[in-house]
Amino acid sequence: MEILINLVGLFIIAFIVWWFWIFKKQSEAHVEGNLLDIVVDSGVYEPSVIHVKAGEPVTLRFIRKDSSPCAEKVLFDGLDISADLSVGTPYDLTFTPEKKGEFEFTCQMAMYRGKLIVE
Amino acid sequence: MSKVADSMNNKSEISKRLYVSDISCAGCVETIEAALKSVPGVDEVQVNFADRTVNVSGDVPADTLIQAISKSGYTASIMEDNTESERENKDLAHYKKLLKKTVISGIISLVIVAVTMLGLLPDVASFRGQISWGIVSLLTLFVLTYAGGRFFTGALKSFKNHNANMDTLIAIGTGVAWVYSTFVVLFPDSVSEIARHVYFDTATLIITFINLGSALEMRARGKTSEAIKRLIGLQPKTARVLREGSEVDIPIEQVQMDDIVRVRPGEKIPVDGELTEGSSHVDESMLTGEPVPVTKKVGDEVVGGSVNKSGSFLFKATRIGKDTALSQIIDMVRKAQNTKPEIGRLADKVSAIFVPIVLIIAVLTMLAWFNFGPPPQLTYMLVTTMAVLIIACPCALGLATPISVMVGVGKAAEYGVLIRKGDALQKAGQLTIVVLDKTGTITEGKPVVTAIEPSEGWSENELLKIASSVETNSEHPLAEAVVEASKEKNIELISIESFEAVSGHGVRALYQQKTVLLGNRKLMNDNGVNLGSLIESSEKLSKLGQTVIFVSVNGEAVGLLGISDPIKTDSKEAIQRLQKSGIKVVMLTGDNRATAETVASLVGVDDFIAEVLPQDKAHEITKLQELGEKVAMVGDGINDAPALAGSDVGFAIGTGTDVAIESADITLMRGSLHGVADAITISKATLRNIKENLVGAFGYNSLAIPIAAGILFPFTGLLLNPIIAGAAMALSSVTVVTNANRLRWFKP
C-alpha cells in the first residue's frame with residue numbers, strides 16, 4: 001500500500017512536468033485575412049499561439065470577457081506593443097511585425113500567456 | 001445657417017464602430033443594416049462583413065444601437081476607445097460584485113465556523129450528523145461555486161491549455177478540502193476516527209479571504225493609474241469655435257484643423273494651436289511641470305489642456321484629436337507604464353514556472369507526511385498540502401515590478417518628465433555621468449548680441465548695418481542674433497551682391513562693390529586683415545564667455561561683435577543637485593575652449609569637452625562608456641540625436657511640445673535642467689520600490705511555502721492552519737500594490 005501511494009505521488013509529479021512543460025500543446029491559429037479574434041477569459045488567451053507573416057500588417061482583436069484586473073493589459077515582450085483592454089469592448093491591435101521569431105505576449109503579471117510566431 | 005442647425009449638422013458627423021461577433025453570412029448584413037436604419041437618429045450604416053464591424057453615423061447612444069442589433073438576433077458591442085469614466089464604471093461594478101460575493105460568502109463562512117467550533121452539530125459518524133454535515137457540505141458547495149466559481153473555471157481552462165495559474169492553486173486547495181470533507185460525511189467509517197475531520201470552514205473562509213484580497217487590490221490598483229486619469233481630465237469636453245462669424249460651442253471631437261477657437265479667462269485651451277488675436281498668461285504646469293504661467297502673444301504656440309489665466313484670445317487650431325501634445329503624452333505614458341525594466345525579468349521567469357513547481361512541492365509535502373509523519377497521517381497530509389497550495393502567491397511576484405513602474409512613470413509625468421520605457425527608469429537610477437550639451441541645454445539657446453565695438457572712424461550703427469546686411473543671408477544661429485540686434489535698432493538693411501560661407505570660419509560677401517569678411521580671428525589672419533587693438537577686446541570678451549565676430553571691409557578691420565547665449569537661470573542649481581546625488585556633470589560643446597571654460601566655471605560643471613563637432617558628440621559618449629561609466633546625454637533631440645541614442649539614457653530637452661522624440665529615452669517637457677535631476681530621483685525611488693516589492697514577494701514565498709509544508713513541525717510542533725495561509729496570501733498582493741502606491745507621495 002505504502003509503495004503504491006508513493007508511486008502514485010511520483011506519477012503525479014511526472015504528469016505535472018509532462019503536462020505543463022514537455023507536452024505543451026496549445027490552441028494555435030494562423031491569421032487569415034489579417035484579422036484574428038483572441039478571447040481573453042478565465043486566465044487564458046484563446047487561441048494562444050498565433051502565426052503571422054513578417055512584413056504584413058495584422059489586426060489582433062482582443063475580446064476581454066474576464067473582469068479580473070489581471071486581464072486588463074496585454075504586453076508583447078520584445079515588440080514594444082501593449083494595449084489596455086476593457087471588458088466587453090473589443091480592442092483592435094494593429095501592427096506590422098517586422099522581425100521574424102517567437103514573441104511572448106502576456107498580461108502584466110505574466111500569468112496569461114500566449115505566443116506570437118512571426119514567419 | 002443658424003447656430004442650432006449648424007451644431008445639429010455637426011452631430012451627424014458622430015460615428016460609432018460596433019463589433020458584431022456573429023455576422024456569418026451575407027444575409028446577416030442586410031438584417032443588421034435594416035435593424036439599425038430603423039433606429040431614429042441613425043443616418044448611415046455600413047456593415048463590414050470581412051472584419052465583422054458596423055459603422056453607424058448619427059447621434060444615437062451606443063446602447064440603443066446594441067439593443068437594436070440584439071433584437072434582430074445578433075450580439076454587438078461598442079468598439080470605440082472607452083472613455084476613462086466608462087472604464088472606471090465597469091471596474092466599480094466589478095468591485096461591487098466582488099464585494100457582494102465576499103459579504104455573502106463571509107456570512108456563510110462565519111456560520112459554518114461557529115457551528116464547527118462550538119460543536120453545535122452532532123458527530124459526523126451518526127446518521128443525524130451525516131444529515132446536518134451534508135447540509136453544511138451543500139452550503140460550502142454553494143460558496144465555492146457562487147463566490148469561487150471563477151477559480152474553478154479558470155483552473156480548468158488553463159489546465160486544458162497546458163497552463164497553470166493562481167486559479168489552479170486555489171481551486172485545488174479548496175476543492176480538495178471540500179471533496180475530502182464530503183467523503184468523510186458520506187462514508188465516515190472508511191476514515192479512521194482521529195482523521196475524521198471536516199474542512200468546510202477552511203474552504204469557505206479561504207474563498208472569502210481571497211475575494212476580499214482581490215477587492216482590496218482592485219481598489220488600490222485603481223489608484224496606481226491616477227496620473228493617467230489626471231492627464232485625461234485635463235482635456236476639456238467642448239470648444240468655442242468661430243463658425244461663419246459667430247462663436248459656437250461644439251464637442252471637442254468636432255474641432256477641425258485651422259478652426260479659429262476662442263478661449264476666455266479661466267478656461268482650458270481645447271486643442272493645440274497658434275495664437276492669432278489677443279494675449280494672455282497661460283498655466284502649463286500640468287503638462288510641463290513649469291510652475292510659472294507663460295506669457296502668450298500673437299504667433300505663440302498654445303497647448304491643449306493648459307489653462308488660460310488672464311486675457312481672452314483667439315487661436316488657430318494646428319493639432320487636433322490624437323495629434324495634440326496632450327494626447328501624445330497620454331499615449332506615451334500609457335505605453336511606458338506597460339513596459340518592464342530588466343530587473344523584472346527574473347520575476348517573470350520565476351512566475352512562468354511558479355505554479356507547476358508549487359504543485360510539485362505540494363505532492364512532495366504530501367508524500368513526506370505520508371512516509372515520515374506521525375499519525376493521523378491523512379490529516380497532516382491534507383492540512384499541509386492545502387496550506388502549501390493556498391499560501392503560494394504568484395500574484396505578488398508578478399505584480400512587484402509592473403505596479404511600481406506604473407506609479408513611477410505616472411509620477412514622473414506629473415513633473416513634465418516623459419519616460420519612454422521602463423528600462424530607462426532602471427538605467428537612470430544607475431547613472432554615474434551626465435553629459436550636458438551647452439547650447440539650448442545649459443543656456444537658453446537663443447544667442448543675443450551683447451557687445452558692439454567699432455574701430456576708430458566707424459560708428460556702432462554702421463558696423464551693425466554691414467554685419468546684419470550680410471548675416472541676413474545666413475542660417476547660422478549667431479547670424480540670427482546679429483539680424484535681431486539691427487531690428488531692435490531699426491537699422492535698414494542693404495541688399496548685398498554675393499554671399500559665400502567659409503566653412504567653420506565665417507562668411508565672405510560683396511557689399512556695395514566692397515569685399516566684406518565676417519568671422520573669427522583665423523579668417524581675418526588668413527586674409528591679412530590687421531586687427532590691431534581689437535585683439536585685446538576680443539580676448540576680454542572671450543573670457544566672459546562671448547563668441548566674437550570680426551568684421552572687415554576691403555581688408556580694413558571695421559570692428560567686432562560679441563555674442564553670447566544667456567545661461568538659464570536655474571542651470572547652476574540643477575547641476576548642483578545632480579552633483580549632490582553623486583553624479584559627475586560634464587559639459588559638451590562645439591564652442592572654443594575659452595568660451596566653454598567660462599560657461600563651465602559659471603555653472604560649476606565638473607569637466608567640459610570643447611570644440612566638438614556635432615557628428616563627434618556620439619563618439620565622446622562612447623569614450624566615456626568605454627571607461628565603464630554609465631552615461632546620460634542631455635540635448636535637444638534633433639542635432640544631438642546620435643549622441644542621445646548612443647548614451648545609456650538620452651534626455652531630450654527644450655523641444656517644446658514635441659513629445660515624440662524617438663532618439664530620447666526620456667523627454668523633458670520643461671526647458672529646465674531640474675527635469676534631469678527629477679527624472680533621476682524618481683527613477684531611483686521607483687527602483688528602490690521595485691526592489692522592496694521583489695524582495696518582499698520572493699521572501700514571502702520562499703519562507704511561507706516551507707512553513708506551510710510543516711518544516712517547523714519537527715522542531716516546534718507548529719503547523720500552519722490553511723485559513724491563515726489564505727489570509728496571508730490575500731494580504732501579500734495587497735501589500736505589494738500598497739507599497740507601490742507609496743510612490744504617489746514621493747517628491748523629488
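The values are calculated or read from the model by the stated rules, or taken from the named source; none is laboratory data. Everything numeric here is computed off the predicted structure, so don't read it as measured data. Don't worry about glycine lacking a Cβ; one is built from the backbone with ideal geometry, like all the others, and counts go over all protein chains shown. Surface accessibility is based on the protein's heavy atoms, side chains included, excluding ligands, DNA and RNA. Shrake-Rupley method; radii C 1.70, N 1.55, O 1.52, S 1.80 Å.
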Members of the stretch A:68-91 found to be over 27 Å from B:Y95 (Cβ atoms), open to solvent by less than 50 Å² (accessible area, probe 1.4 Å) and either within 14 Å of the chain's Cα centre (by Cα) or facing chain B (nearest Cβ under 9 Å) (or both), listed by number: A:F76, A:I81
Which residue out of B:S109, B:S132, B:S126 is more than 10 Å from chain A (Cβ to nearest Cβ), surrounded by 15 or more Cβ atoms within 10 Å (Cβ to Cβ) and without any contact (Cβ under 8 Å) to a residue 12 or more places away in the chain? B:S132
Only residues that are open to solvent by 80 Å² or more (accessible area, probe 1.4 Å), closer than 28 Å to B:S533 by Cβ and not basic (K, R): list them for the stretch B:462-504, please. B:E462, B:H476, B:E484, B:E488
Could you check the stretch B:225-278 for strands (runs of 3 or more DSSP E) lying wholly inside it with 2 or more residues that are more than 20 Å from B:R334 (Cβ to Cβ), modelled with pLDDT of 90 or more and open to solvent by 80 Å² or more (accessible area, probe 1.4 Å)? B:272-277
For the stretch B:17-52, enumerate the residues that are in contact with a helix residue (DSSP H, G or I) (Cβ under 8 Å, 6 or more places away or on another chain), open to solvent by 30 Å² or more (accessible area, probe 1.4 Å) and within 14 Å of chain A (Cβ to nearest Cβ). B:D22, B:F49
Please specify each residue of the stretch B:369-416 satisfying the condition of being within 25 Å of A:M1 (Cβ to Cβ) and either assigned to a loop (DSSP other than H, G, I, E, B) or at the interface with chain A (Cβ under 9 Å from one of its Cβ atoms) (or both). B:F370, B:N371, B:G373, B:P374, B:P375, B:P376
I need a count of the residues in the stretch B:505-514 that are surrounded by 16 or more Cβ atoms within 10 Å (Cβ to Cβ) and either at pLDDT 85 or above or in a strand (DSSP E or B) (or both). 5
Would you tally the residues in the stretch B:710-745 being surrounded by 16 or more Cβ atoms within 10 Å (Cβ to Cβ) and of a type in the set (F, W, Y)? 1
How many residues are in a helix (DSSP H, G or I), more than 17 Å from B:G173 (Cβ to Cβ), of a type outside the set (G, A, S) and open to solvent by less than 60 Å² (accessible area, probe 1.4 Å) if we restrict to the stretch B:335-368? 5
Consider B:E453 against the criteria (1) surrounded by 15 or more Cβ atoms within 10 Å (Cβ to Cβ); (2) acidic (D, E); (3) modelled with pLDDT under 90: it satisfies all of them except one. Which criterion is unmet? (3)
Kindly indicate whether any position in the stretch B:690-707 is within 20 Å of B:V333 (Cα to Cα) and either part of a helix (DSSP H, G or I) or open to solvent by less than 10 Å² (accessible area, probe 1.4 Å) (or both). yes
Output the residues belonging to the stretch B:141-167 that are among the β-branched types (V, I, T) and open to solvent by 10 Å² or more (accessible area, probe 1.4 Å). B:T145, B:T153
Looking only at the stretch B:515-524, how many residues end up being modelled with pLDDT under 90 and either open to solvent by 80 Å² or more (accessible area, probe 1.4 Å) or of a type in the set (S, T, Y) (or both)? 2
Are there any pairs, at least 6 apart or on different chains, whose C-beta atoms fall under 7 Å, with the first in the stretch B:395-418 and more than 30 Å from B:A164 (Cβ to Cβ) and the second among the acidic types (D, E), and if so, which? B:G410/B:E226; B:Y415/B:D678; B:G416/B:E290; B:V417/B:D678
Filter the stretch A:31-59 down to the residues that are more than 13 Å from chain B (Cβ to nearest Cβ) and assigned to a strand (DSSP E or B) and list them by number. A:I50, A:H51, A:V52
Which number in (1) open to solvent by 50 Å² or more (accessible area, probe 1.4 Å); (2) at pLDDT below 90; (3) under 30 Å from B:G398 (Cβ atoms) marks the one condition that B:K322 misses? (3)
Which condition breaks for A:Q26 when tested against (1) in a helix (DSSP H, G or I); (2) at the interface with another protein chain (Cβ under 8 Å from one of its Cβ atoms)? (1)
Test for B:K296: is it surrounded by 23 or more Cβ atoms within 10 Å (Cβ to Cβ), touching a strand residue (DSSP E or B) at 6+ places or on another chain (Cβ under 7 Å), modelled with pLDDT of 90 or more and more than 30 Å from B:V143 (Cβ to Cβ): yes
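Every residue, every condition in (1) part of a helix (DSSP H, G or I); (2) polar (S, T, N, Q); (3) over 50 Å from the mean Cα position of the chain (by Cα), yes or no:
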site	(1), (2), (3)
B:L121	no, no, yes
B:S132	yes, yes, yes
B:V179	yes, no, no
B:V184	yes, no, yes
